[in-house]
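Step one of this worksheet: look at the structure below.
The values are calculated or read from the model by the stated rules, or taken from the named source; none is laboratory data. In this text the structure is predicted, and so the values were computed from the model without any measurement. FYI the Cβ positions are ideal-geometry reconstructions off the backbone, even for glycines, and counts take in every protein chain you see.
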Amino acid sequence: MPKTAFKLLLLFSFSSLTFFAVLLLHLKARNVPAAVPSTAVRPNTTATPGRSGGALGPCPDVPPNLLGSLYVEFRTNRTLQDVRNLVGPFLQQGGRYRPSSCVAKQKVAVIIPFRNRYEHLTHWLYYLHPVLMRQQLDYGVYVINQDGDGVFNRAKLMNIGFVEALIEYDYDCFVFSDVDLVPIDDRNLYRCSDHPRHLSVAVDKFNFILPYATIFGGVSALSEQQFLKVNGFSNTFWGWGGEDDDMSQRISYRGMFISRPDSVTGRYKMIQHERDSHNDPNPRRVQKLRETYFNIIKDGLSTLSYTVREIRKDLLYTFVTVDVQVPAG
Ligand code: BGN
């Protein structure tokens, strides 16, 4: 090779190296300081949430910046404003986020049945937003608030959350979460699997042991197809208990299984609290569970009826207040 050509090649290699080094430094500088969600990247504010940028590649199967086990405590007095200050800069109105460096694997609506538990919601948002960001999800948080003080209906609120979230965006996965459950390991991905997934496997309240094999309460994830296949939850479990067992049976009657993370990844802390008023154990729940098979098509998404009273967009969540039409008497 002539000497000048060799020199040119050397110069070219050197400038390419410099270019990549500068590019790397630049990308690194865009990372967020560790005090805030360590790997969150500000969404591109000019883009509409949910529309993925043209040239982005898919996010990796395993999110690269997970921390593993997390320190979680609920004694601190946190305010919603504290949480807004901390994670707000990474979110768009309605508690929406999507990674800016890659196209998320799934579009996830996180649905929280709710009434009057603002303190829990504050803790939940404080811990979950950074986790969901690190998991590189394209997600939105929907708090479905039961209006009035009639008997609580957790399952119907979750059906409503499914419908209302889909009106807003083309979600393909739905994570239903109690407001008092915070994961203590961020490897527990808030994503859907081939089968409906139960995420809250090892809760401190139950000594980190699965209470029984078919349990499906707490935090669970179903894809749109899985949810439609079982006609959603029953709308007729008024008061505490059984609605999750009913879903568990729907899943098995429709030929699906419950998938779960292992009992280390699936660890949770529950915020301790008194039982809510107007949510006493449902005396009909045991009998109702004997009828699931016959009720799947008669009671669920196909028969869902409610009235939206208000939809309020907070930076941290979308708050949907609904009249669930509590039966008289
Ligand atoms: C079960 C409840 C579930 C609840 C779990 C954990 C019932 C049905 C009658 C046996 N099931 O006992 O709804 O998620 O406890 O608290 O009450």
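Within the stretch 306-329, how many residues are in a loop (DSSP other than H, G, I, E, B) and under 24 Å from the mean Cα position of the chain (by Cα)?
Total satisfying the criteria: 6.
Filter the stretch 285-305 down to the residues that are part of a loop (DSSP other than H, G, I, E, B) and in contact with a helix residue (DSSP H, G or I) (Cβ under 6 Å, 6 or more places away or on another chain), then identify the one that is farthest from residue 114 (Cα to Cα).
296
Which residue pairs have Cβ atoms under 6 Å apart, sit 6 or more places apart or on different chains, and have a first residue in the stretch 195-217 that is over 23 Å from residue 70 (Cβ atoms) and a second that is of a type in the set (D, E, K, R) and within 10 Å of the ligand (Cβ to nearest atom)?
Pairs that qualify, where the first residue is over 23 Å from residue 70 (Cβ atoms) and the partner is of a type in the set (D, E, K, R) and within 10 Å of the ligand (Cβ to nearest atom), are 216/244.
Given the criteria buried (at least 20 other Cβ atoms within 10 Å of the Cβ) and assigned to a loop (DSSP other than H, G, I, E, B), does residue 157 qualify?
Here the answer is no, as residue 157 does not meet what is asked.
Restricting the stretch 269-302 to residues that are under 25 Å from the mean Cα position of the chain (by Cα) and surrounded by fewer than 17 Cβ atoms within 10 Å (Cβ to Cβ), which is farthest from the ligand (Cβ to nearest atom)?
Ranking the qualifying residues of the stretch 269-302, first place goes to 302.
Filter the stretch 250-261 for residues that are without any contact (Cβ under 8 Å) to a residue 60 or more places away in the chain and not aromatic (Phe, Trp, Tyr); which is farthest from the ligand (Cβ to nearest atom)?
Looking at residues that are without any contact (Cβ under 8 Å) to a residue 60 or more places away in the chain and not aromatic (Phe, Trp, Tyr), I get 255.
Exactly one condition in (1) modelled with pLDDT under 95; (2) touching a Phe, Trp or Tyr at 6+ places or on another chain (Cβ under 6 Å) is not met by residue 281; state its number.
(1)
Determine which single condition residue 314 fails, assuming it passes every other condition in (1) over 24 Å from residue 119 (Cβ atoms); (2) away from the ligand (no atom under 13 Å from the Cβ); (3) at pLDDT 95 or above; (4) not hydroxyl-bearing (Ser, Thr, Tyr).
Evaluating residue 314 over (1) over 24 Å from residue 119 (Cβ atoms); (2) away from the ligand (no atom under 13 Å from the Cβ); (3) at pLDDT 95 or above; (4) not hydroxyl-bearing (Ser, Thr, Tyr) leaves (1) as the failure.
Regarding the stretch 174-181, can at least one residue be identified that is of a type outside the set (Phe, Trp, Tyr), away from the ligand (no atom under 13 Å from the Cβ) and in a loop (DSSP other than H, G, I, E, B)?
Yes, the conditions are met somewhere in the stretch 174-181.
Can you name the residue in the stretch 244-268 that is hydrophobic (A, V, I, L, M, F, W, C) and surrounded by fewer than 17 Cβ atoms within 10 Å (Cβ to Cβ) and, of all such residues, is farthest from residue 220 (Cα to Cα)?
Residue satisfying both the conditions and the ranking: 264.
How many residues, within the stretch 201-249, are more than 21 Å from the chain's Cα centre (by Cα), near the ligand (Cβ under 9 Å from one of its atoms) and assigned to a loop (DSSP other than H, G, I, E, B)?
Result for the stretch 201-249: 5.
So is residue 295 under 29 Å from residue 193 (Cα atoms), touching a residue at least 40 places away in the same chain (Cβ under 8 Å) and among the polar types (S, T, N, Q) or not?
Yes; evaluated as a whole, the condition is true for this residue.
For the stretch 252-289, enumerate the residues that are among the hydrophobic types (A, V, I, L, M, F, W, C) and under 22 Å from residue 203 (Cα atoms).
If the condition is that a residue be among the hydrophobic types (A, V, I, L, M, F, W, C) and under 22 Å from residue 203 (Cα atoms), then 257, 258, 264, 270, 271 are the ones that fit.
Limited to the stretch 307-329, what total is found for residues that are surrounded by 12 or more Cβ atoms within 10 Å (Cβ to Cβ), more than 20 Å from residue 79 (Cα to Cα) and without any contact (Cβ under 8 Å) to a residue 24 or more places away in the chain?
The total comes to 1.
Tell me yes or no: at least one residue of the stretch 162-180 is in contact with a helix residue (DSSP H, G or I) (Cβ under 7 Å, 6 or more places away or on another chain) and either surrounded by fewer than 20 Cβ atoms within 10 Å (Cβ to Cβ) or at positive phi (or both).
yes
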